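Student: Quick one: the structure is below, questions incoming.
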Amino acid sequence: MPSTTPIADGADLTLATITAWLRETDAAALAELFDAADRTRRRNVGDEVQLRGLIELSNHCRRQCAYCGIARDRKDLTRYRLDREQILECAATAKRLGYQTVVMQAGEDPAIRADEMAGIIREIKSRHDVAITLSLGERNDDEFQLWRDAGADRYLIRFETSDHDLYDIIHPSLPYRLSDRVAILKRLREIGYEIGSGVMIGLPGQRWEDLARDILLFRELDLDMIGVGPYLPHPDTPLGRGDVGREIDPDEQVPNTEEMTYKVVALTRLACPEANIPSTTALATINKGLGRELGLMRGANVVMPNVTPSDCRIHYEIYPAKACITESAEACFACMLGRIHALGRRVATGKGYRGGRNTRN
Ligand code: SF4
């Protein structure tokens, strides 16, 4: 028997109702949830799927996040950093494949100098009519402002969990600066970015209500982009080895399963109808055959094909057995196109700001 009440589009989601839906196991009730999310997606962002070309600029990082396969203390990892010409080449590939957004992501790498990055943003903007999304970690306000002035449109920074104790375990602050990603998101909004964030599902020590609060925080922050994916343990990390963590009642532990991820995608769509929500690579990793498609059918409207050179991409290993790390950019594009058309959806032709709009509000 379902323990949840029937869900209406735009349902009034509270801590109690979200928690009940997260715990729901009845197949018919979940089918109703997924249908409601799909209808809400169609009504608010349409049938177009946004393709964002992802460039992983550098796998150097000064942080020691307990779950992350490219964290500072991983000594046996080949590190790389793309130079300006390589980045410009990746951006040209993205544009040639028809992507309307270039996403530049990296570990928190101080060697990515703010002024050089601003120059790269300006150059891409002068060569191509694309939106630019950055995901370069916790930087200071002057750097965020410089990149915004250079033409960057969006900034992604995941808060990973809204529970402060769990956050401190998985994401230690730098010795000289407290990590407060929610405060950073608010600053980025003031500076004029579209803002994106997200969480991991099934972190050890994550309780049902913690995850429900994450979804409420998405709505409170009025996020433009929201990425959620299952926690995929990396065996060479403190969290993956079980060296750190917190003890909770096993009945309270959120599982890091595929089905939980779909529930969170669907509830996120209902909580934030106009947001851009990717069907993530982590989902494609947990179900290589159909994970991306099922994400798109249960609330998501974005995919992020990789345009990083494949000899570098294999070293951007936040979690193991990541999907789509050896294919060329062209092969990724062809694969995505086939999957999108098979769903009866189409590739977006505009830049895909919040609400499926082609210009900023
Ligand atoms: S999650 Fe991000 S900031 Fe943390 S160690 Fe990995 S790349 Fe660095």
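Student: On the basis of being within 16 Å of the ligand (Cβ to nearest atom), polar (S, T, N, Q) and surrounded by fewer than 20 Cβ atoms within 10 Å (Cβ to Cβ), does Thr78 make the cut?
Tutor: Working: within 16 Å of the ligand (Cβ to nearest atom): yes; polar (S, T, N, Q): yes; surrounded by fewer than 20 Cβ atoms within 10 Å (Cβ to Cβ): yes.
Judged against the criteria, Thr78 is a match.
Student: It is to be established whether one or more residues within the stretch 24-32 are more than 16 Å from the ligand (Cβ to nearest atom), more than 30 Å from Arg113 (Cβ to Cβ) and touching a residue at least 40 places away in the same chain (Cβ under 8 Å). Walk me through how you get there before you give the answer.
Tutor: Here is the first cut: in the stretch 24-32, the ones more than 16 Å from the ligand (Cβ to nearest atom) are 24-32.
Going one step further and asking which of them are more than 30 Å from Arg113 (Cβ to Cβ), we end up with 24-32.
Among the residues that remain, those that are also touching a residue at least 40 places away in the same chain (Cβ under 8 Å) are: 24, 30.
Yes, some residue in the stretch 24-32 is more than 16 Å from the ligand (Cβ to nearest atom), more than 30 Å from Arg113 (Cβ to Cβ) and touching a residue at least 40 places away in the same chain (Cβ under 8 Å).
Student: Same structure again: Of the conditions (1) modelled with pLDDT of 95 or more; (2) within 16 Å of the ligand (Cβ to nearest atom); (3) not acidic (Asp, Glu), Lys125 clears all except one; give me its number.
Tutor: So the condition that Lys125 fails would be (2).
Student: For residues that are over 17 Å from the mean Cα position of the chain (by Cα) and open to solvent by less than 50 Å² (accessible area, probe 1.4 Å), scanning just the stretch 345-354, find the one that is farthest from Lys125 (Cα to Cα). Working first, answer last.
Tutor: Taking the stretch 345-354 and keeping what is over 17 Å from the mean Cα position of the chain (by Cα), we get 345-351.
The next check asks that each one be open to solvent by less than 50 Å² (accessible area, probe 1.4 Å); those that pass are 345, 347-348, 350-351.
Working: Arg345: 29, Val347: 22, Ala348: 20, Gly350: 15, Lys351: 13 Å.
This residue is Arg345.
Student: For the stretch 137-151, which positions are part of a helix (DSSP H, G or I), more than 16 Å from the ligand (Cβ to nearest atom) and of a type outside the set (A, V, I, L, M, F, W, C)?
Tutor: The answer is Asp141, Asp142, Gln145, Arg148, Asp149.
Student: If you don't mind, another one. Looking at Glu274, Glu327, Glu252, which one is closer than 30 Å to Ile169 by Cβ and either acidic (Asp, Glu) or open to solvent by 10 Å² or more (accessible area, probe 1.4 Å) (or both)? Let's see the steps before the verdict.
Tutor: Numbers: Glu274 fails: closer than 30 Å to Ile169 by Cβ; Glu327 fails: closer than 30 Å to Ile169 by Cβ.
Being closer than 30 Å to Ile169 by Cβ and either acidic (Asp, Glu) or open to solvent by 10 Å² or more (accessible area, probe 1.4 Å) (or both) holds for just one of Glu274, Glu327, Glu252, which is Glu252.
Student: So which of Leu166, Leu134 is within 16 Å of the ligand (Cβ to nearest atom), buried (at least 19 other Cβ atoms within 10 Å of the Cβ) and under 20 Å from Tyr353 (Cβ atoms)? Walk me through how you get there before you give the answer.
Tutor: Numbers: Leu166 fails: under 20 Å from Tyr353 (Cβ atoms).
Selected residue: Leu134, the only one of Leu166, Leu134 that is within 16 Å of the ligand (Cβ to nearest atom), buried (at least 19 other Cβ atoms within 10 Å of the Cβ) and under 20 Å from Tyr353 (Cβ atoms).
Student: Tell me, yes or no, whether the stretch 45-63 has at least one residue that is among the hydrophobic types (A, V, I, L, M, F, W, C), at pLDDT 95 or above, within 14 Å of the ligand (Cβ to nearest atom) and assigned to a loop (DSSP other than H, G, I, E, B).
Tutor: yes
Student: For residues that are open to solvent by 20 Å² or more (accessible area, probe 1.4 Å) and not basic (Lys, Arg), scanning just the stretch 81-92, find the one that is farthest from the ligand (Cβ to nearest atom). Steps first, please.
Tutor: Of all residues in the stretch 81-92, those open to solvent by 20 Å² or more (accessible area, probe 1.4 Å) come to 81, 83-86, 89, 92.
Keeping just the survivors that are not basic (Lys, Arg) gives 83, 85-86, 89, 92.
Working: Asp83: 20, Glu85: 24, Gln86: 19, Glu89: 23, Ala92: 26 Å.
Residue satisfying both the conditions and the ranking: Ala92.
The values are calculated or read from the model by the stated rules, or taken from the named source; none is laboratory data. Because the structure is a prediction, the values reported are computed rather than measured. Don't worry about glycine lacking a Cβ; one is built from the backbone with ideal geometry, like all the others, and counts go over all protein chains shown. Heads up: the accessible areas ignore ligands, DNA and RNA and are worked out on the full protein's heavy atoms, side chains in. Shrake-Rupley method; radii C 1.70, N 1.55, O 1.52, S 1.80 Å.
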